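One structure below.
The values are calculated or read from the model by the stated rules, or taken from the named source; none is laboratory data. None of the values given here were measured: they were computed from a predicted structure. We place every Cβ from the backbone using ideal geometry, glycine too, and count neighbours over all the protein chains shown. Heavy atoms of the whole protein, side chains included, go into the accessibility calculation; ligands, DNA and RNA do not. Shrake-Rupley method; radii C 1.70, N 1.55, O 1.52, S 1.80 Å.
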Amino acid sequence: MNKDLTVGKPSQVLWQFCLPMFGSIIFQQLYNIADSLVAGKFIGENALAAVGNSYEITLIFIAFAFGCNIGCSVIVSRYFGAKEYREMKTSVYTSLIGSAVLCAVLMGIGLFGCDALLELINTPEEILADSALYLDIYVLGLPFMFFYNIATGIFSALGDSKTPLYFLILASFLNIGLDLLFIIVFKWGVFGAAFATVLSQGVSGILCVIYALKKYSILHLSREDFKPDFSMMGKHLAIGLPMAFQFSITAIGTIVLQSALNTFGSDKIAAYTAGCKVEQLVTQIGPAIGVTMANYAGQNLGAGRLDRIKKGVASCTIMTVSLAVVSAIALYFGAEWLSGLFISGDQPGVVASAVEYVNTICVFFPILYMIFVYRNVLQGVGRSLMPLMAGVFELIARCVVSFTLPQRMGYVGVCLAGPVAWIAAMVPLCIAYYIIMGKLLKKSRPAQA
């Protein structure tokens, strides 16, 4: 059932929409987490390092898929909020066409360029072949990820955050089952981990698109829908591309950091990978809040309820900081046990390094979570420049740390790269939000909540 985010108490509306989003994004992360867990436990340390090393490169592709998601959901949510349903339908099919073209381009780049990138980031020889194999299979499955993200963007824009969760739960358990089958029974190694991910993404992507088109009659095709709408495409590009580039910039920063990490050897790579997977288990709250606020801001902008956006951000700030503190405490005390889940055998040194990473970053979770609030609200109201610039500041900070602190502080310098980058992004986003919202509110007449 679709949800109108322009009515009701902001805090209650946000909680109701956000909770299913938490589940959706957590289960989406289970794809790669399952690969790392099974690979680390049943293949070995090098397999875990190979999957983790490859994951940093896959973030570039994920960035563009997520940009398509945000571009679709923000534009569709505006038309939904304004009750302009014909334009909303055109927007959906414009997203599908644009995503197909972008996906084809990225697949070509990935298949011909990832091997060179793996060598460029100093991938150790013992994990190079498995890293390349994992990436090749992942790239072949990109269409499934792209169309799942578009379908999710449609559901989110219409206020339905539950349906994508149901498909993801199914696909995530399928991925775990296939991982166990391909790796333990068939002995396919890293190939099995990657193949399980692609098949699972295929299930969620295809089912989600089909269900979205069948559930909403207003999205059914007509002859007019086959006509290109370049004006609508421009609107999507104006939102989606800056978001994609912004996340790509972040991904480039993690790749630069991975290059510095790779000089420490496969033990540290495996530890860092395990620590990152533990981090992902709780920090997916941030993206869930971000998607919620993008759609909330988009619908209320379409309805002319700018005052309501400001109240929503205030309510969301309290919710976000509270969740960040709880997440940090839980992760601090559970880091050793959770890290051990990804590491085979008795390797106390690898576990200790993973715990060191987790304990270093968890203190900064409130800053990380608030980045998603301000970044996505600005995207929701059509202000893409500052989120993009914040990504640039984050990249610069991560690169500076990568080229300086690891040489001076060792592995702990790698651990500090994320927190420094978060601070560099958070400060300009916070300032930009208050300046932009102040200007928008002055141009509009106050409305009742």
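Which whole-angstrom value gives the distance between the alpha carbon centres of segment 163-186 and segment 133-161? Rounded to whole Å, the Cα centres lie 16 Å apart. The portion of the accessible surface of the chain made up by carbon and sulfur, rounded to a whole percent, is 70 (1.4 Å probe; DNA, RNA and ligands excluded).
Please list Ile329, Ile43, Ile289 in order of solvent-accessible area, largest first, computed with a 1.4 Å probe with all protein chains present.
Working: Ile329 95, Ile43 75, Ile289 0 Å².
My answer, sorted largest first, is Ile329, Ile43, Ile289.
Modelled spin labels at Gln16 and Glu84, positioned 7 Å past Cα toward Cβ, are 2.7 nm from each other.
Cross-link partners of Lys41 among lysines, defined as those whose alpha carbon lies under 26 angstrom from its own and excluding same-chain residues fewer than eight positions apart: Lys187, Lys268, Lys277.
From the residues Gly349, Tyr434, Gly253, which one has its Cα farthest along the dipole of the chain in the positive direction, the dipole being from +1 and -1 charges on Cβ of Lys/Arg and Asp/Glu about the Cα centre? With unit charges placed on the Cβ atoms, the residue in question is Tyr434. Magnitude of the charge dipole for segment 315-441, about its Cα centre and with charges confined to Cβ atoms of Lys, Arg (+1) and Asp, Glu (-1), is about 560 debye.
Taking 0.36 nm per residue of sequence separation and subtracting the Cα-Cα distance, how much length would be gained by fully extending the chain between Phe186 and Cys430, in nm to one decimal? Mind dumping the intermediate values first?
Details: separation 244, 0.36 × 244 = 87.84 nm, distance 5.09 nm.
Once the chain is fully extended between Phe186 and Cys430, it gains 82.8 nm.
On a per residue basis, the chain carries 39 Å² of accessible surface, using protein heavy atoms and a 1.4 Å probe.
When the Gaussian network model of the chain links Cα atoms closer than 10 Å, the mean-square fluctuations of Ala196, Ala100, Ala297 top out at Ala100.
Rounded to the nearest 20, the size of the Cβ-charge dipole of segment 114-188 about its Cα centre is 480 debye, with Lys and Arg at +1 and Asp and Glu at -1. For segment 90-128 versus segment 384-449, the inter-centroid distance based on Cα atoms is 26 Å.
Would you rank Asp136, Asp307 by solvent-accessible area, highest first, keeping every protein chain in place and using a 1.4 Å probe?
These residues rank, largest area first, as Asp136, Asp307.
In the set (i) 35, 25, 19; (ii) 71, 26, 17; (iii) 39, 34, 20, the label that goes with semi-axes √(5λ) of the Cα gyration tensor in Å computed for this structure is (i). Beyond a 19 Å Cα-Cα separation, which of these cross-linked pairs lie in this structure: Lys89/Lys443; Lys310/Lys439; Lys89/Lys235? With Cα atoms farther than 19 Å apart: Lys89/Lys443.
Might you report the magnitude of the Cβ-based charge dipole of the chain about its Cα centre, with Lys and Arg at +1 and Asp and Glu at -1, to the nearest 20 debye?
Numbers: 28 positive and 24 negative charges, 494 e Å.
Roughly 2380 debye, rounded to the nearest 20.
Given the options Met389, Ser315, Gly302, identify the residue whose Cα lies farthest towards the positive end of the charge dipole of the chain (+1 on Cβ of Lys, Arg; -1 on Cβ of Asp, Glu). Going by the charge dipole, the pick is Gly302.
The aspartates and glutamates within cross-link reach of Lys162, meaning a Cα-to-Cα straight distance under 18 Å and a gap of 8 or more places when in the same chain, are Asp4.
Going toward the positive end of the dipole of segment 228-336, with +1 on Lys and Arg Cβ and -1 on Asp and Glu Cβ, which of Val278, Ala328, Asn262 do you reach last? Result: Ala328, furthest along the dipole toward the positive end. Placing a label point 7 Å from the Cα of Ala352 along the Cα-to-Cβ direction, the residues of segment 402-434 with a backbone N closer than 16 Å are 410-412.
Cross-link candidates for Lys442: which aspartates and glutamates have Cα within less than 15 Å, leaving aside residues fewer than 8 places away along the same chain? Once the sequence-local aspartates and glutamates are set aside, what remains near Lys442 is Asp307.
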